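Contents: one structure, followed by commentary.
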Amino acid sequence: MWFASPADASERLSAVDYLSDDSIATSVFLAGALGKPLLAEGPAGVGKTQLAKAVAAATGAELVRLQCYEGLDEARALYEWNYKKQLLRIQAGQDESWDATHDDIFTEEFLLERPLLAAIRSRTPTVLLIDETDKADVEVEGLLLEILSDYQVTIPELGTITAVRRPYVVLTSNATRELSEALKRRCLYLHLEYPTPERERDIVLAQVPTITAALAEQLARTVATMRTLELKKAPSIAETVDWANTLIALGRTELDEAAIGATLGVVLKHASDQTRARKELAL
């Protein structure tokens, strides 16, 4: 059992500075209790990846991360054979029959684990983070179906490897494309949005203990206002925390026009976004 209850999940996540709401805490608890993957979907920067990291930290589990991208294939996600080492073995055994050599080179010694196989074979508590699933090609979803359904991997040369201890699986998606219904059916679904200013203030206070409540409040409300603008990239929660650390490093105790103007690049990474923010915030 990963968590005893939603309240336990909330308390333990809070202990590692991840402040959850009821929906998040309940989803995190159920994913562990039911042994089902958790699909966290929402805009970039709302804390989806951080949620998986927090679950690992809160439970003392190892975090195994598969970063998805266009062109990701089985060899990078699941496993591949160490071809160079196999070739050396073949050359060293030139006097042996091919059958003997073949049986020898397709063994554990020549197998290169990738994140999915590593998580399945782990004998210790493991959180498997499949990050930005929507960036991978549709074919990768087919690769995930067997793993997320039966927690097993089939390697033709070695047979089927079934998880001794099921990993806690978190998939994230920025919703840049629709994931398949087959994949979604295997998951619990959690939609995340940017936090309210009050919750973001509390996140800043938790992660930047030296900041004052008043400054954290100013930051949270300013960032919330920025997110209502038509920006190329809205500030993430992590960037809000970075902004707080920046102000502390500069010895600022108030988020006035001068402080915003001098540090705007911490939260807005496009020149057009900075121009729009300066105009809308009357800087």
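Evaluating GLU11 against the criteria (1) closer than 21 Å to VAL127 by Cα; (2) open to solvent by less than 60 Å² (accessible area, probe 1.4 Å) leaves one unmet condition, (2). Flag set for ALA224, criterion: touching a Ser or Thr at 6+ places or on another chain (Cβ under 9 Å) and crowded, with 17+ Cβ neighbours inside 10 Å. The residues of the range 154-173 that are surrounded by fewer than 21 Cβ atoms within 10 Å (Cβ to Cβ) and assigned to a strand (DSSP E or B), listed by number, are THR154, ILE155, GLY159, THR160, ILE161, THR162.
Determine if the range 254-263 includes at least one residue that is within 26 Å of THR49 (Cα to Cα), open to solvent by less than 60 Å² (accessible area, probe 1.4 Å) and within 26 Å of the chain's Cα centre (by Cα).
Step one: filter the range 254-263 for residues within 26 Å of THR49 (Cα to Cα), giving 263.
Filter once more, keeping what is open to solvent by less than 60 Å² (accessible area, probe 1.4 Å): 263.
From what is left, the residues that are within 26 Å of the chain's Cα centre (by Cα) are none.
No, there is no match, as no residue in the range 254-263 is within 26 Å of THR49 (Cα to Cα), open to solvent by less than 60 Å² (accessible area, probe 1.4 Å) and within 26 Å of the chain's Cα centre (by Cα).
Within the range 19-35, the set of residues being within 17 Å of the chain's Cα centre (by Cα) and at pLDDT below 95 comprises LEU19, SER20.
Does any residue of the range 199-210 turn out to be farther than 25 Å from SER23 by Cα and over 20 Å from the mean Cα position of the chain (by Cα)? Please lay out each step first, then the result.
Step one: list which residues in the range 199-210 are farther than 25 Å from SER23 by Cα, which gives 209-210.
Now drop any that are not over 20 Å from the mean Cα position of the chain (by Cα), which leaves 209-210.
Within the range 199-210 (the criterion being farther than 25 Å from SER23 by Cα and over 20 Å from the mean Cα position of the chain (by Cα)), the answer is yes, since at least one residue qualifies.
Please specify each residue of the range 151-178 satisfying the condition of being at pLDDT 90 or above and of a type in the set (Asp, Glu). GLU178, the sole residue that qualifies.
Within the range 174-216, the residues that satisfy the criterion of being of a type in the set (Asp, Glu) and either open to solvent by 40 Å² or more (accessible area, probe 1.4 Å) or in contact with a Pro (Cβ under 6 Å, 6 or more places away or on another chain) (or both) are GLU178, GLU181, GLU193, GLU198, ASP202.
All but one of (1) at pLDDT below 95; (2) crowded, with 21+ Cβ neighbours inside 10 Å hold for PRO235; which doesn't? Of (1) at pLDDT below 95; (2) crowded, with 21+ Cβ neighbours inside 10 Å, only one is false for PRO235: (1).
Out of the residues in the range 100-149 meeting the condition of being assigned to a loop (DSSP other than H, G, I, E, B) and among the hydroxyl-bearing types (Ser, Thr, Tyr), tell me which one is surrounded by the most Cβ atoms within 10 Å (Cβ to Cβ). Before you say what the answer is, go through the steps one by one.
From the range 100-149, those assigned to a loop (DSSP other than H, G, I, E, B) are 106-107, 114, 122-125, 132, 136-137; that's our starting set.
Next, from what is left, pick out any that are among the hydroxyl-bearing types (Ser, Thr, Tyr): 107, 122, 124.
Numbers: THR107: 13, SER122: 19, THR124: 10.
Applying the filter and picking the extreme gives SER122.
Under 17 Å from the mean Cα position of the chain (by Cα) and either free of Cβ contacts under 8 Å to residues at least 60 places away in the same chain or within 11 Å of VAL64 (Cα to Cα) (or both): is that true of THR126 in this structure? Taking the combined requirement at face value, the residue satisfies it.
Here is the figure for the range 238-253: residues that are hydrophobic (A, V, I, L, M, F, W, C), open to solvent by 30 Å² or more (accessible area, probe 1.4 Å) and within 25 Å of the chain's Cα centre (by Cα) total 1.
The values are calculated or read from the model by the stated rules, or taken from the named source; none is laboratory data. Note that the coordinates shown come from a computational prediction; the quantities given were computed from them, not determined experimentally. So basically every Cβ, Gly included, is an ideal-geometry build from the backbone, and we count neighbours across all protein chains shown. Please note that ligands, DNA and RNA were not included when accessible areas were found on the heavy atoms of the full protein model with its side chains. Shrake-Rupley method; radii C 1.70, N 1.55, O 1.52, S 1.80 Å.
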